[in-house]
Amino acid sequence: MSLSTSIPDKPTGAPEAAASGSLAANEPAVGKAQHFSDSQKEVIAKLRERLPDIIKGAQSELEKDIDAILWGVPLVSASGQQDLRVDVILNKFIKARGNDVEQAQEMLKNTL
């Protein structure tokens, strides 16, 4: 008795745009960032505003410059353009600290 397995051409549940490669290279897939509630957006915005100070604080503690990159995503864009992937990352820190921005800030600084 032989078992045969087949591998699908594309991952199941993959969005058509992503599977077909129709997303532009500079157009990030935003996924979860599109579904933030207004209260989540507000808390994320507070933490985002603090990013420069958080990065400076981490650099100060380490006494050296650091790359502010998490999971391959630069937290601060050189072009100044807002990357929605950063919002997803910040939301992870916020949720991990029970929506407490101060604790999320400290956790993020320690991670950097």
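Things worth noting here:
- Over all other residues within a Cβ to Cβ distance under 15 Å of P74, the charged ones net out to -2, with Lys and Arg as +1 and Asp and Glu as -1.
- Close amide H partners of L70, meaning residues 5 or more places away or on another chain with modelled amide H under 5 Å apart, are L75.
- Computed lengthening from R97 to D67, 0.36 nm per intervening residue step minus Cα-Cα distance: 8.5 nm
- Sorting the segments 99-107, 56-64 by their mean number of nearby beta carbons within 10 angstrom, highest to lowest, gives 99-107, 56-64.
Read-outs throughout are calculated quantities, based only on the coordinates presented, and are distinct from any laboratory measurement. Because the structure is a prediction, the values reported are computed rather than measured. Heads up, the Cβs are rebuilt from the backbone with ideal geometry, glycines too, and the neighbour counts pull from every protein chain shown.
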